[in-house]
Amino acid sequence: MIDRATVDKIMEATNIVDVVGEFVNLRKAGVNYKGLCPFHDDTTPSFMVSPARQICKCFACGEGGNAVNFLMKHEQITYPEALRWLAKKYNIEIQERELTEDEKREQTERESMLIVNEWASRYFHEILKNDVDGQAIGKQYFRSRGIRDDIIEKFLLGFSLTKRDALCNEARRKGYKDEYLVKTGLAIQNERGLYDRFAGRAIFPWLNVSGKVVAFGGRKLDAATKGVQQKYVNSPDSEIYHKERELYGIYQAKKAIVREDCVYMVEGYTDVIAMHQCGLENVVANSGTALSVYQIKLLHRFTQNIVLLYDGDEAGIHAAMRGTDMLLQEGMDIKVLLLPNGDDPDSFARKHTAQQFKEYIEQHQTDFIQFKTNLLLKGVTDPLKRSQAISNILRSISLIPDKLKRDTYLSECAHRFSVNEQTLVTTVNTYIQKDKEDRQKERERAQGGQSADSLLPQQQQSEPIGFYSMEAQSFAVERLLVQNIIRYGDVVIFENLEAEDGSTVSLNVAQYIDFDLSSDDLSFSDERYNQILREAVEHSAYPNFKAEQYFMQHPDVEISQVAAQLGIENHQLSPKLDMENNEKTLRQRIQHLILDFRMEIVNQHLKKIQCELKELNPSNREQMKALMDDFKDTQELRNALARQRGSDIIV
């Protein structure tokens, strides 16, 4: 782990204009710089970079942050990788903290496996290019599939010699341990010894999103596949590779996916490669595995638009059907295209140009409703079967998290199926409610059969929220409070206040917010916000503490991303306002925000009491009286807060 001192050194050396300028053509615009946004299809420069504040922001799509956030988003790399990228650029030696023995062992093992895979990838590739058998067998196979040399280089394609221990012997000669050959899946150990897993196969390396070789696919060549069911062998799951988390071609496709704001999902290696060669680069494959939530979330980092592009046989239809509901549930917008006449994406791409292929997709892709309608309702006249098919489609619609999209699809279904729209809405709401109940039951089972409420601390179960005993819900006002902690947390707004022991103290923004909220055991609903407040208070004791700089450069990537977003939200990219010279204005703003925060909590509790009163059996007079008393006390508290919000605040 990179230590804090090194992170600070990297961030101090970083010039965001230099960093962004490596990827975006920037030109001076007053005190800032601007250019075309790399995160959406920008036609007029809307991406601004502020050298004064060391942040950037697109005023069209909203993307932005500091140099680390920019690199993570643009290059799709992790926080440590972005720091190392900057350290390399500015010639800064990375100093990492001492790892525990377990961490050292785990890190060493992982790094060793990646190093072995990297070597094996180069080994297979060199065999293909320079070995006699590699050229005669391996290269001839790729030539027969019409794959050009530049595509072979792009995907690092290779060949494994037919001799069963060729790779193992060469690896030993190079000093690589048998242990890591087995752990990566390059070799298999049995009672007869160690032998190559991929002997005699064409090799397709798997690169993860950061470009690391994590696995391999090996294909038996045509002469050897007669009567053989298993044409492909893939690396087994390991410390560095989990097949449900990886997508073939993601590293080569990620920039094109962002540029096109769309990804094509195909089934196999050669489908991806042929489409790249055709000129369509925004394509990935899950290569025979069922689509997983991990893979969908990975794609969602780049786009929410996906086209399932499969051949039209039974296997292709099944592959399209099994992923639809999961994609919808993760908020993806889905189109489906089944290719005709026995074509798969590989064969179709080899017969068409990129433009022809794109035009065909545009003209023939359908949304998931049309796809399911064609599949489930084609030729169906039986009312019961028709009802079941429509229910299947409505079940899929119920999984869409966006209400507006659900309503749009329901209106379309009502028109398409000639069914009353309200009937469809009721059915979908039933599915949604059942899903909620099922999730609640699952949570209770995971918690040992107890309800969620019964697991709250006793005080939180019994005391009313109006008296600040329950944790606050998520409100917009708490976001504003945290935004002020990030921007002005170090700014003193109260000086020389008299403490109980007669001494005087001064409070900055972070300390005052913490003091006020903790007096009634209040906290934010988002744990990241609570962490920001805690750390701001802790670091207030340091004489050179600057909240915005500290949180923008935070080693926890989630905290730095929150800080970057809140630091630029509703904020022009101009130098930081001189709030230090306007102590009264800032103090009044913070005090009013805290009152707003308290008022939101009280209002939420009043709504909760009203709901409980509606559901309460009138015969339960004791409970009715308790609720009414609670409601009255909470109303009085709300009125007191309202008066305080409307008057000058006396501290």
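The table that follows gives values for the structure above.
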{"read-out": "More than 22 angstrom apart: percent of Cα pairs within the stretch 244-327", "value": "15 percent"}
{"read-out": "Cα point-scatterer Debye curve for the stretch 338-386, base-10 log of I(q)/I(0) at q = 0.13 Å⁻¹", "value": "-0.45"}
{"read-out": "Relative contact order of the chain, defined on C-alpha pairs under 8 angstrom at six or more residues apart (%)", "value": "9 percent"}
{"read-out": "Whole-number percent relative contact order across the stretch 118-161, with pairs defined as alpha carbons under 8 Å at least 6 apart", "value": "57 percent"}
{"read-out": "Heavy-atom SASA rank of SER396, SER525 (probe 1.4 Å, accessible area, largest first)", "value": "SER525, SER396"}
{"read-out": "Vicinal HN-Hα couplings computed from phi for the stretch 187-195 (Karplus, 6.51 cos²θ - 1.76 cosθ + 1.60; Hz; Gly/Pro x)", "value": "10, 10, 9, 9, 5, 8, x, 10, 9"}
{"read-out": "J(HN,Hα) series, the stretch 360-373, from Karplus relation 6.51 cos²θ - 1.76 cosθ + 1.60, nearest Hz, glycine and proline x", "value": "5, 4, 4, 7, 10, 5, 10, 6, 5, 5, 5, 4, 5, 4"}
{"read-out": "With all protein chains modelled, accessible area of GLU179 [1.4 Å, Å²]", "value": "80 Å²"}
{"read-out": "Probe 1.4 Å - accessible area at GLU63, Å² to nearest ten", "value": "60 Å²"}
{"read-out": "Mean shadow area of the stretch 479-541 over all directions, Cα convex hull, nm²", "value": "4.4 nm²"}
{"read-out": "ILE115 accessible area, 1.4 Å probe, all protein chains in place, Å² to nearest 10", "value": "100 Å²"}
{"read-out": "As computed over the stretch 1-54, the Cα convex hull volume per residue (Å³)", "value": "96 Å³"}
{"read-out": "Karplus-derived 3J(HN,Hα), 6.51/-1.76/1.60, for each residue of the stretch 148-158, Hz, glycine and proline x", "value": "6, 5, 5, 6, 4, 5, 4, 9, 6, 5, x"}
{"read-out": "Convex hull volume per residue in cubic angstrom - Cα atoms of the chain", "value": "245 Å³"}
{"read-out": "Percentage, to the nearest whole number, of Cα pairs in the stretch 362-442 over 22 Å apart", "value": "27 percent"}
{"read-out": "Residues whose placed amide H lies under 5 Å from that of VAL263, excluding near-sequence neighbours", "value": "ASN305, ILE306, VAL307"}
{"read-out": "Carbon and sulfur %, accessible surface of the chain computed with the full protein complex present, 1.4 Å", "value": "47 percent"}
{"read-out": "Cα-based Rg and Dmax for the stretch 203-353, where Dmax is the largest Cα-Cα distance (Å)", "value": "14.9, 44"}
{"read-out": "For the stretch 188-296: accessible area per residue (Å², 1.4 Å)", "value": "38 Å²"}
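The values are calculated or read from the model by the stated rules, or taken from the named source; none is laboratory data. What you see is a predicted model, and the numbers here were worked out from it, not measured in a lab. Heavy atoms of the whole protein, side chains included, go into the accessibility calculation; ligands, DNA and RNA do not. Shrake-Rupley method; radii C 1.70, N 1.55, O 1.52, S 1.80 Å.
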